[in-house]
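Student: Questions regarding the structure given below will be posed in turn.
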Amino acid sequence: MAIAFEKQVCLLTGASGGIGEAIAKQLASLGVSLILTGRNTSKLGKLVEVLPGQHTVVCADLTQTDDMEKVVALCRDKSVTMLINNAGITETGSFISAPQGAVDSVIETNLIVPITLTQKLIPILLRAPDARIVNVGSTFGSIGFACHSLYCASKFGLRGWTESLMREYAGTNLHFHYFAPRATQTSINSAQATSMNQALGNAMDTPSDVAQALVDMLYKKQSRRFLGFPEKLFVKINGAFPSLVDAALKKQLPTIKRYMKSRQEEKLS
Ligand SMILES: NC(=O)c1ccc[n+]([C@@H]2O[C@H](COP(=O)([O-])OP(=O)(O)OC[C@H]3O[C@@H](n4cnc5c(N)ncnc54)[C@H](OP(=O)(O)O)[C@@H]3O)[C@@H](O)[C@H]2O)c1
């Protein structure tokens, strides 16, 4: 049965970011009623002004318990039917020089927040006839990429946790989706990351292409969607023959290290 978008009430985290804003625009145009959350009030305010339909904005730092509870209470009031765990951060550079606090902030934002929010919302979502949870992962949730170790740890965790819940809730009205973009043109990528992608010949998608793919995944009720070629082929090869990818990425290592300096290394250089 096709998804009835106009009956969906969706909590979208990271709505103030590049991919979040594009997802909001696509879903609003399909008649979804949105609860938009992020930390940047002014960006959220500007976004809601241009969206068709009636939506709610809630400014929240989801790593803060009180803010998370405020969002959950609103979802209860609005009888939410869809959750898109999209908020995320990154930290690049050599593992050993990661700044203090980076381990906690990346794992908390990208993994613990989606886990906690999902646990709190499942009882509400189970009341809907067709409920969906989309977890926005990454190609780097399947391929360990040098100088992105904390981000990879969080996204590998997100993928495994999603797969487990997908199987735990099989046959119920609650469907889980794991959605993995490749590099995308948003501000999560520093200028150095963009230069690295150019030097390595890695394409970067537009946020609107990514949002369109997410909507298509929802339509088709696909459990998993990996974006981009050759990235999605590498995901498969890495799963079956990781030593082939080890060898290919070893050749890229000097280029990756040239661009992916930690904040501390940048200051020293
Ligand atoms: N861009 C890429 O290359 C790429 C590739 C693969 C996967 N992804 C994934 O796509 C998702 C969206 O990323 P993006 O590219 O759109 O990045 P972005 O433009 O930097 O947006 C990130 C969003 O996450 C929100 N956020 C971060 N920490 C938060 C916190 N503690 N509490 C609440 N919200 C928080 C930000 O809110 P504020 O702006 O209000 O602070 C912002 O709305 C992420 O999960 C990312 O890992 C991105």
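Student: Of Lys120/Lys220; Lys7/Lys46; Lys70/Lys120; Lys232/Lys261; Lys78/Lys220, which ones are farther than 18 Å apart at the Cα?
Tutor: Over 18 Å Cα-Cα: Lys120/Lys220; Lys7/Lys46; Lys232/Lys261; Lys78/Lys220.
Student: I would also like to ask the following. If you fit an axis through the alpha-carbon atoms of helix 41-50 and take the longest principal axis of the Cα set of the chain, what angle between them do you get, 0 to 90°, nearest 10?
Tutor: Long axis of 41-50 versus the principal axis of the chain: about 60 degrees.
Student: Using just the helices of the chain, give the 222 nm mean residue ellipticity in deg cm²/dmol: DSSP H runs with n ≥ 4 each add -39,500 (n - 2.57), and the total is spread over all residues, rounded to 500.
Tutor: Mean residue ellipticity at 222 nm (helix-derived): -15000 deg cm²/dmol.
Student: Here is a further query. Hey, what do the phi angles of region 181-195 turn into as Karplus ³J(HN,Hα) couplings, whole Hz, using 6.51/-1.76/1.60 and θ = phi - 60°, x for Gly and Pro?
Tutor: Result, ordered by residue: x, 8, 4, 9, 7, 9, 6, 5, 8, 5, 4, 5, 5, 5, 5 Hz.
Student: On full extension of the chain, what length is gained from Lys251 through Glu108, given 0.36 nm per residue of separation minus the C-alpha to C-alpha distance?
Tutor: That pair, Lys251 and Glu108, stretches by 48.3 nm at full extension.
Student: Between Asp61 and Glu168, what's the calculated FRET efficiency when r is the beta-carbon distance and R0 is 25 Å? Round to 0.05.
Tutor: My answer for the efficiency is 0.30.
Student: ³J(HN,Hα) across region 30-36 via Karplus (A = 6.51, B = -1.76, C = 1.60, θ = phi - 60°), whole Hz, x for Gly/Pro?
Tutor: 8, x, 6, 8, 10, 10, 9
Student: What are the trypsin sites (Lys or Arg not before Pro) within region 195-269 that DSSP puts in a loop, where the Cβ has at most 11 other Cβ atoms within 10 Å? Could you put the intermediate results ahead of the total?
Tutor: Details: sites: Lys220, Lys221, Arg224, Arg225, Lys232, Lys236, Lys250, Lys251, Lys257, Arg258, Lys261, Arg263, Lys267; in loops: Lys221, Lys261.
The qualifying sites: there are none.
Student: Rounded to the nearest 0.05, what FRET efficiency do Ser187 and Asp130 give with R0 = 41 Å and r taken as the Cβ-Cβ distance? Could you check?
Tutor: That pair, Ser187 with Asp130, gives E of 0.80.
Student: Another question, if that's okay. Which value, in debye to the nearest 20, gives the size of the charge dipole of region 120-194 about its Cα centre, when Lys and Arg are +1 and Asp and Glu are -1 at the Cβ?
Tutor: On the way: 7 positive and 3 negative charges, 14 e Å.
Rounded to the nearest 20 debye, it is 60 debye.
Student: For region 5-268, what D do you get in µm² per second when you plug the Kirkwood radius from alpha-carbon pairs into Stokes-Einstein at 20 °C and 1.002 mPa s?
Tutor: Using the Kirkwood radius from Cα pairs, D works out to 113 µm²/s.
Student: Here's another thing I want to ask about it. If one computes the Cα centroid of region 199-269 and of region 1-62, what distance in Å separates the two points?
Tutor: Result: 26 Å between the Cα centres.
Student: Arrange the peptides 67-73, 111-117, 11-17 so that the one whose residues have, on average, the most other Cβ atoms within 10 Å appears first.
Tutor: So the peptides 67-73, 111-117, 11-17, ranked by packing, come out 11-17, 111-117, 67-73.
Student: A further question on this structure: Can you list the HN-Hα couplings for region 85-92, worked out from phi with the Karplus curve (6.51, -1.76, 1.60; θ = phi - 60°), rounded to whole Hz and with x for Gly and Pro?
Tutor: Rounded to whole hertz, the list is 7, 10, 4, x, 9, 9, 8, 10.
Student: Near the amide H of Leu34, under 5 Å away, which other amide H atoms are found, from residues 5 or more places off or on another chain, if H is placed in the peptide plane?
Tutor: For Leu34, whose amide H was placed from the backbone, the distant partners under 5 Å are Cys10, Thr56.
Student: Sorted by accessible area with a 1.4 angstrom probe, largest first, how do Leu125, Leu62, Leu244 fall?
Tutor: The residues order as Leu244, Leu62, Leu125, largest area first.
Student: Taking the Cα centre of the chain as origin and charging only Cβ (+1 Lys, Arg; -1 Asp, Glu), how large is the dipole, in debye to the nearest 20?
Tutor: 520
Student: Considering Cα pairs under 8 angstrom that are at least six residues apart, work out the relative contact order of region 168-269 and quote it in whole percent.
Tutor: The normalised contact order for region 168-269 reaches 34 percent.
Student: Also, I was wondering about something else. Quick check: with the 1.4 Å probe, what order do Tyr219, Tyr151, Tyr259, Tyr178 take by accessible area, largest first?
Tutor: Final ranking, largest accessible area leading: Tyr219, Tyr259, Tyr151, Tyr178.
Student: Now a separate question. Quick one: compute the contact order of region 5-268, relative version, from alpha carbon pairs under 8 angstrom and 6+ residues apart, as a percent. Walk me through the numbers before you get to the answer.
Tutor: Numbers: 449 pairs, mean separation 51.8, N = 264.
The value is 20 percent.
The values are calculated or read from the model by the stated rules, or taken from the named source; none is laboratory data. Quantities reported herein were computed from a predicted structural model and do not represent experimental measurements. Every residue, glycine as well, gets a Cβ built from its backbone with ideal geometry; the counts of neighbours run over all protein chains shown. Heads up: the accessible areas ignore ligands, DNA and RNA and are worked out on the full protein's heavy atoms, side chains in. Shrake-Rupley method; radii C 1.70, N 1.55, O 1.52, S 1.80 Å.
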